1. Which far-off residues, 5 or more places away or on another chain, put their amide H under 5 Å from the one on A:Val125, with H placed in the peptide plane?
2. Considering only the label points, 7 Å along Cα→Cβ from Cα, what distances in nm to one decimal separate A:Glu24 from the same position in each other copy, shortest first?
3. Express in nm, to one decimal, how much length is gained between A:Asn185 and A:Glu287 on full extension, taking 0.36 nm for each residue of separation and deducting their alpha carbon distance.
4. To make sure I understand the rule: partners must be lysines, Cα under 17 Å from the Cα of A:Lys206, and not fewer than 8 residues away in the same chain. Which ones qualify?
5. Ignoring trypsin sites (Lys or Arg not before Pro) that are buried or in helix or strand per DSSP, and keeping those with at most 10 other beta carbon atoms within 10 Å, what is the longest stretch of chain B between them?
6. When each copy gets a label point 7 Å from Cα toward the beta-carbon at B:Leu360, what are the spacings between them in nm, shortest first?
7. State to the nearest 20 debye the size of the charge dipole of the protein assembly as shown about its Cα centre, where the only charges are +1 on K and R beta carbons and -1 on D and E beta carbons.
8. Suppose you put the label 7 Å out from Cα in the Cβ direction; list, shortest first and in nm with one decimal, how far B:Leu332 is from each other copy's label.
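All of the numbers you see were taken from the coordinates with simple rules; none came from a lab. Computed from a predicted structure; not experimentally measured. Cβ placement follows ideal geometry from the backbone for every residue including glycine, while neighbour counts extend to all protein chains displayed.
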Protein chains: 2
Amino acid sequence: MKIFLSTIEPVRIADALKFLSEEEKVIVINSLPLDSASVVLGETDEQSQEDIVEELESEKLGQLLDEMDSDDAVDILDDLEPDDQEEILAEIDKSSKGRADVLRDLLQYPEDTAGGIMAPELLTVYQCQTIGDALSLFKEANENDKIEDIHNIFVVDKHHILCGLLPLKSLIIYSNRKLVKDVMNSDYQYVPVEEDQEVVAHIVRKYDLYSIPVVDGDKKLVGRITADDILDVIDEEAIEDMSHIAGVTQEEFTEESVLRSVRNRVPWLLIGLFGGIVSATIINFFEDSLKLILALAFFVPVVTAMGGNAGVQSSAIIVKRLATGDIHPQYLLSRLSREIQIAFLNGLICSTFLTLIVTLWRGDFLFGFLIGLALFLVILIATVVGTSVPLILKSLDIDPAIAMGPFVTTSNDVVGLMLYLGIASLFIKFFY
Amino acid sequence: MKIFLSTIEPVRIADALKFLSEEEKVIVINSLPLDSASVVLGETDEQSQEDIVEELESEKLGQLLDEMDSDDAVDILDDLEPDDQEEILAEIDKSSKGRADVLRDLLQYPEDTAGGIMAPELLTVYQCQTIGDALSLFKEANENDKIEDIHNIFVVDKHHILCGLLPLKSLIIYSNRKLVKDVMNSDYQYVPVEEDQEVVAHIVRKYDLYSIPVVDGDKKLVGRITADDILDVIDEEAIEDMSHIAGVTQEEFTEESVLRSVRNRVPWLLIGLFGGIVSATIINFFEDSLKLILALAFFVPVVTAMGGNAGVQSSAIIVKRLATGDIHPQYLLSRLSREIQIAFLNGLICSTFLTLIVTLWRGDFLFGFLIGLALFLVILIATVVGTSVPLILKSLDIDPAIAMGPFVTTSNDVVGLMLYLGIASLFIKFFY
């Protein structure tokens, strides 16, 4: 087993792990040398990580986390109960004292902020040092094999306040005697430690960066985020958005067990079912109108489908723009008014179309007009709901992405039906 | 204007451009020095790019594209008509002969493959050269300012076949006299030129790479893809997936005009409307059953909502897994069987729940059972549709992501209604 595993790349083992049972996963981890095992644990899917962390002895787990990049180790610690966290940290304390403190510091930051994804390990030089100093610093770090993927050495002043970047290539192109402050890059991007990870991703992408420094409130350098962490963030956020629209959980995109999938998907279906039952109650309430004109029932699917579609269209745009920081509070009203203008025109086009079809089909213009008017109002209301719900959730500090999918669809079904049948009843009262 | 603009970072100008009219965009581009203008054009949103490219004189555009990274220049050329492409390429030919040929070569590759996102500009050394040779090569390239973001120098043999990577740090840590082949990294990832961009993104993310070499069929080195291109790919694909689910176009996530949004969203709404009208026709067909038991109409929203939800859940998972290359043809049947198992259990849970509620509400177990059975079958069929449609589209080489959203929802509405009302009619025939 050990010999067999040693011939396979750790990343491939990490990939294959999801096909094994919990016990088998632990056996694989225990058969690997510590350095490979830590790569496997760091790179495997979230479900496998949970399984392994749950089953592994805390001593072994401590050793593995000690081997790992600290940002990855913190990701794993973050998912544990406080008691278990302390137990593991105590294990790490035994072998490398400072390391556990570094991890404790990192655990303070919320998982989805710059602080939560940064690594505190980085290379710094003072601005009054020389390129030669930076060079020996780099060589030393490289021999100790402590810091990977160095693209920039960070330049600080004597108070550890960030004042520039020294790209790796500076060590090659400048003479050893040059002063760091004379050749450093002083026009650079940085992010505060509390910045949302999606905004960080946006900045890194916009400026095509490979690493970005993280600073505290006094602009003191506290860590760096590398592009590979950003790739993970973007992928994670994309899956999150998609899972919200589709009503599946994020784990489903990585794991395999049927029973887990059922447990994950059924709540969303039950929300849909609940919405359907509320809809049924509403239709029941208008039974008299329906008995009079059964044809009203034919157009219920039109109303629910269109309300859902128009609402999700608006939500998707707003959620995406909120996520990338494209919407500022002062533009909220202008966004809403823009969406309403779009809804007005889309509603007009669809309603005219529906009015024509229904009039031709049933040979009754009044009925056609009634259905068309209802559709117009449903699209308008659905858009207002689809636009406002994410904005409201955001202002309550709840992830606006949960507004997409079953939530907006269901509430628009309900509102749409009440509107449609309400208008219909009024018409019947006056015209029939 | 020129002085004002020169004080602002090009990336910020690129960002602000979308708020301007077409003419204003062109004025801004023309007021900027060539190097800033090319950054602005490369970094701005797709809509602004189109506007500018349309309005700008071909001579100026040629100069701008000549200044740009070749992978970005090709992105812009790709969106032009063949005639316009040739006109611009002829302009580029005038000033830098070889450059236009490089761009012509790149234009052959489909936009969403490794070839479509790679840049052919890179540093290569022969394996028999020394670190000293590599060092002077790097310094020369850096002075000419031709290649940005060098993380690796690529090592080739005399036939230009890729045989290793030389990370930038090798130039710092090894002595000048070392042979490249003795210190190069010969355990590395690479991708064939025709590989799908989403698979490339998956590999880069999995192995935490900063650049990856691209090779042709003979493993000859033809280009490199850097992590910043991969960030763009992941973002683009995420927006694409999201726009398909929500039924909006990708441009909507970046551009501003109300009329354009209407034009983009209305086709999806009309698909929904068409589905609704088909649904109305189906319900019309079962008018007799509905007259007998009006309560059947109450549960139409349940059927359509649940069919849509269950279908989109399956589609989202399948589409994501297809995109990352996680599903191989031989597993198709096992995926389908897995989704059916999930649907079976989810259907059972939801149906039991609905049967209970309807039985209690209407005091009629037979009616409750009928509704529950219909729901069970609708969830099962919707899952099969939601799973198979993306798989079928993929096998026809059509982007499976278009299956999500209105398409699957609408077809499941229609199938679900026929099933529901069909079963209901049969029951009425035998039991009422």
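1. Result for A:Val125 returns A:Phe154, A:Val155, A:Val156.
2. Label point to label point, same position, other copies: 6.2 nm.
3. Working: separation 102, 0.36 × 102 = 36.72 nm, distance 7.33 nm.
Using 0.36 nm per residue and subtracting the Cα-Cα distance, I get 29.4 nm.
4. Excluding near neighbours in sequence, the set is A:Lys320, B:Lys18.
5. On the way: sites that count: B:Lys146, B:Lys158, B:Arg177.
Longest gap between qualifying sites, sites excluded: B:178-432.
6. 4.7
7. Values: 64 positive and 142 negative charges, 562 e Å.
That gives a dipole near 2700 debye.
8. 4.9
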